[in-house]
Amino acid sequence: MAASILLLVMGILHFAHGLVEYVVYPADKKAMLACSHINDALVKILGGSRVRIYKSQIRQTTEFWFIEALEAQKVAILQIPGVDAVMENVIVAQNSGESFKDTSVFMTANSTGSNQAIPELKLPLRRQRDAPQDLDLVSWPPRKRLPVLGKMPCYVYDIARGIDTYIYIIENGINKDNDEFESMPWPPESDEWHYAYGVHDSTTDDNLAGQGSCVASKAAGWKTGVSKNSQLVVMKSLPTLADVNFAFAAALDDIMEKDRQGRAVVVYPATSIQTFGAGSVLPRNWKSVNELIQELFAQDVVVVTGSGNNAARSSALDTVPALWGLEPDYPLIVAGAVRIDGTIARFSQGAGALSEIVWAPGESIVCANGPSSPGLADRSGTSFAAAMVAGLAAYELTGPDPLPPGSVPSIIRTRLLANSRPVSPLTVPKVIWNGQNGALNALLNNSTSQSVLQLVQEMPNATLISGITNLTEGQASVA
């Protein structure tokens, strides 16, 4: 629906004025003099009001120009020395969220149905009893069957994790007034919102289905999110060529300008409309995105995307960015979706690359409602699996051992894959795990940097380690 409205608006602009939105790419974005000449030529042809340049001050690059031009002027623009491509600003991506159901009426708390007294955990571990089942699964231990009757009792996590980490959400806003965000230790302030070309400059969720609200809450929401202490940064954008390029470039610049290297995760919960095969030649716009993601890796930024919802078309990855996650030396984390029982969701792509996909709950998950409604919603899609993986990636950035600079994205990807485990009695796929034990009364104090085998061996006689550091001011807790 939102995409249809966008197409209508773009069509009206074209019909009424004969103007078309284009994105102009330079042959060399680091050639400042050549880019300056291109800018002067564009202004001369179109006038200053119809030319907007994306220029990175901190990286000293010119990524692209966003222009309005007559179709006849495109020919002249292509003749400007140093111009590599001129592409129409069309919709190039689609959400990987599939279905929606408002559950705010009946989703209040996750009761275990047991009156048994459960001992409290020692800090820094915390048991969240009102977590949705998809979140409980993240702390469910290996080799432990799910309850036959009732529900998993809780989500267990380390409340010292995720502090001073940032999750960049590339979406069309979030429902900031929802309790999932208002109750966060650090709700996203207005200076953590960045606006691309096709969106309203407002701190709102402008997606009719509330896609961004759900994604953000699964990453870091107060009740439904994996990493409770992470801060959200909203890259408000549409799935158009210009906005997608803007979102990645602006996220990179913001991270560098604010010295967030090694502490940031970017989640792009969408897939290209166009399909690709291994080794396909990329259109110029996706080539730019590919290069920007590589620059994010170079700044020790973790990047997560969804595997796609078109399993009926192909179980293999056939869209970007997801397809790039199969390439060597490209540590993109690709998230596939599973059901609560650990089986692959019927719509999720990636079954052909089981060991290279990070699998997470993505069918009938519970998340923040949107675009402006209170309460929670039930949704499905690899977008939301990607959000949970992004949350766990941020959680892992603050493990007990500092990560060596220069290899953070690779280490986090390797760690998430290594620490994943199948949901018993299944053997595949391996589903994300935060290293805690939400099944036993006496829970382990351990980190996911330990091996899964070591944790499984320790579990039968698990006890809490005493003398753990107490909470510091501002850390999250859930009753």
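Taking all C-alpha pairs of segment 201-335, those more than 28 Å from each other amount to 16 percent.
A simple packing score, the average count of other Cβ atoms within 10 Å per residue, orders the peptides 47-56, 229-238, 333-342 as 229-238, 333-342, 47-56, with the highest score first. Taking 0.36 nm per residue of separation and subtracting the current Cα-Cα distance, fully stretching the chain between Asp84 and Arg313 would add 79.1 nm. Scoring 22-28, 63-69, 214-220 by mean Cβ neighbours within 10 Å over their residues and listing the highest first yields 214-220, 63-69, 22-28. Neighbour counts of C-beta atoms inside 10 Å place Thr224, Thr204 in the sequence Thr204, Thr224, starting with the fewest. Once amide H atoms are built 1.01 Å from N in the peptide plane, which residues 5 or more positions from Leu376, or in another chain, come under 5 Å H to H? Amide H neighbours of Leu376: Thr103, Ser104, Asn369.
Residues whose amide H falls under 5 Å from that of Gly198, counting only those 5 or more places apart or on a different chain, are Leu238, with hydrogens built in the peptide plane. Going down the table (Lys74/Lys287; Lys223/Lys287; Lys144/Lys223; Lys223/Lys258; Lys228/Lys430), which pairs top 31 Å between alpha carbons? Pairs exceeding 31 Å: Lys223/Lys287. Taking amide H as placed 1.01 Å from N in the peptide plane, the amide H of Val431 sits under 5 Å from that of Arg421, Val423, each at least 5 places away or on another chain. Under 16 Å from a label point 7 Å along Cα→Cβ of Leu208: give me every residue in segment 351-387 with its amide N that close. Inside the label zone: 370-373.
Across the alpha-carbon set of segment 120-220, the Rg to Rh ratio works out to 1.05, Rh being the Kirkwood radius. Rounded, prolate or oblate: which one fits segment 311-399, using the alpha carbon gyration tensor with axes a ≥ b ≥ c (rounded when a/c is under 1.5, else prolate when a/b beats b/c, else oblate)? Oblate shape, in that a/c is at least 1.5 and b/c is the bigger or equal ratio. As a rough footprinting exposure proxy, the listed residues His200, His194, His37 were ranked by other beta carbons within 10 Å of their own, and the order from fewest upward is His200, His37, His194.
Readers should treat all values here as calculations from the given coordinates under stated rules, not as data from a laboratory. Quick caveat, the model's predicted, so the values are computed rather than measured. Here the Cβ is made from the backbone with ideal geometry for all residues, glycine too, and neighbour counts use every protein chain on show.
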